[in-house]
Amino acid sequence: MKTNVRELSPSAYARFAGVLYLIITVAAIFAHFVIPDQFIVPNDAAATVANIAADESIFRMGAIGSELIILLSEIVLSVVLYVLLKPVNKTLSLVAAVSRLAMTTIHGLNLLNYYFVLQLINGGDVATAFGPEQVQALVMLFLNAHSIGFTIGIAFLVPHVLILGYLIVQSGYFPKVLGFLFIAAGIGYLVDTTGLLLVAGYTTTPGLIATVIAVAEIAFPLWLLVKGVNLERWQNRTLAPATA
């Protein structure tokens, strides 16, 4: 039996990608900024433990729940971006998708650090083997491990961002300026992750790098939502000989 499946139009894919970017952005604000600022007190393990213990459900929903929404959205976004950019170069588009999926996998495993924190604070079987100060120290260790794990994941995003920028520039159906912004953002991600992971004195992302990354990550989703794809140029690109 033959089943006909209606393929989405390029514009529909573009706007779907824009919606996914928006979901990821909103969830990331809660998971990476609001919740850490509300619960984690730098250099004060006792206060951090007390904050999480006092409102564990908010910590679970804000930190873990929001992160799960991000991760599930990232999987779908990786595929949608591959579909949007494969007419430019199938191989590079696939590499970009795999790179983003690798980041998503690492960030998923990284959530275990939050579960270890909750196990310690809830007084589980493992926690009973430690005194209060030891529990507090372990909680901070796992919170710091989560932060480093997030940065390791972003390191795998670097190829995705650089390749995405190149493909956008070459596409013809997206503005080249968006591609150049992504290339600049990719360089920023590379410098930042290298510094955070390999340079002892590098602890904070410089404002210029953060600004460049933010502009690229905002401009492209907005374009996808408002303008989508130039259909005429998309069709011309798909009819042209494919680049492997």
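No lab work stands behind these numbers, since they all come straight from the coordinates. Please read all numbers here as calculations on a predicted model, not as lab measurements. Heads up, the Cβs are rebuilt from the backbone with ideal geometry, glycines too, and the neighbour counts pull from every protein chain shown.
Less than 13 Å Cβ to Cβ from residue 82, Lys/Arg counted +1 and Asp/Glu -1: what total charge do the surrounding residues give?
Working: positive: 86, 90, 100; negative: 74.
Once all neighbours under 13 Å are counted, the net charge is +2.
If a helix is a whole DSSP H run, which ones in the chain reach 27 Å or further along their own axis (Cα) and hold a mean Kyte-Doolittle hydropathy of at least -1.0?
On the way: long enough: 10-29 (29 Å, 1.53); 66-85 (28 Å, 2.31); 90-110 (30 Å, 0.77); 132-171 (58 Å, 1.35); 176-198 (33 Å, 1.64); 207-226 (28 Å, 2.21).
Helices meeting the span and hydropathy rule in the chain are 10-29, 66-85, 90-110, 132-171, 176-198, 207-226.
Of the candidates 31, 155, 53, which one comes out as most mobile in a Gaussian network treatment of the chain with C-alpha springs shorter than 10 Å?
Highest fluctuation of the listed residues: 53.
What size of dipole, in debye to the nearest 20, comes out for the chain about its Cα centre when the only charges are +1 on Lys and Arg C-beta atoms and -1 on Asp and Glu C-beta atoms? Don't jump to the answer; show the numbers that get you there.
Values: 11 positive and 12 negative charges, 291 e Å.
Taking the Cα centre of the chain as origin, the dipole is about 1400 debye.
Considering only the other residues whose Cβ falls under 13 Å of the Cβ of residue 175, what net charge follows from Lys and Arg at +1 and Asp and Glu at -1? It would help to have the intermediate numbers written out before the result.
Numbers: positive: 176, 227, 233; negative: none.
Result for the neighbourhood of residue 175: +3.
Taking every alpha carbon pair in segment 59-204, what does the distance histogram look like in 5 angstrom bins from 0, in percent?
Cα pair-distance distribution for segment 59-204, in percent: 2, 10, 15, 17, 16, 13, 11, 7, 5, 3, 2, 1, 0.
Can you tell which of 47, 103, 180 lies farthest toward the positive end of the dipole of the chain, using +1 and -1 charges on the Cβ of basic and acidic side chains (Lys, Arg; Asp, Glu)?
Of 47, 103, 180, it is 180.
Counting helices only, and only those DSSP H runs with n ≥ 4, report the 222 nm mean residue ellipticity of the chain as the sum of -39,500 (n - 2.57) divided by its residues, in deg cm²/dmol to the nearest 500. Before the final figure, lay out the partial values.
Numbers: 11 runs with 182 residues, N = 244.
That comes out to -25000 deg cm²/dmol.
If you build a Gaussian network model of the chain, linking Cα atoms that sit under 10 Å apart, which residue out of 101, 20, 208 swings the most?
Sorting by GNM fluctuation, first place goes to 208.
Taking only Cα atoms and a 10 Å spring cutoff, compute GNM fluctuations for the chain and point out the largest among 85, 198, 178.
Per the Cα network of the chain with a 10 Å cutoff, 198 tops the list.
Here are a few candidate values for Rg/Rh (Cα atoms, Kirkwood Rh): (1) 1.05; (2) 0.94; (3) 1.01. Which one was actually calculated from the structure I just gave you?
(1)
Lysine pairs, Cα distance under 22 Å, 8 or more residues apart or cross-chain: how many in the chain? Present the calculation step by step, with values, prior to reporting the outcome.
On the way: 86/176; 86/227; 90/176; 176/227.
Summing the qualifying lysine pairs gives 4.
Using per-residue counts of other Cβ atoms within 10 Å, averaged over each peptide, order 180-192, 54-66 from highest down. Before the final figure, lay out each step's value.
Working: 180-192: 20.5, 54-66: 15.9.
In decreasing order of mean packing, 180-192, 54-66 become 180-192, 54-66.
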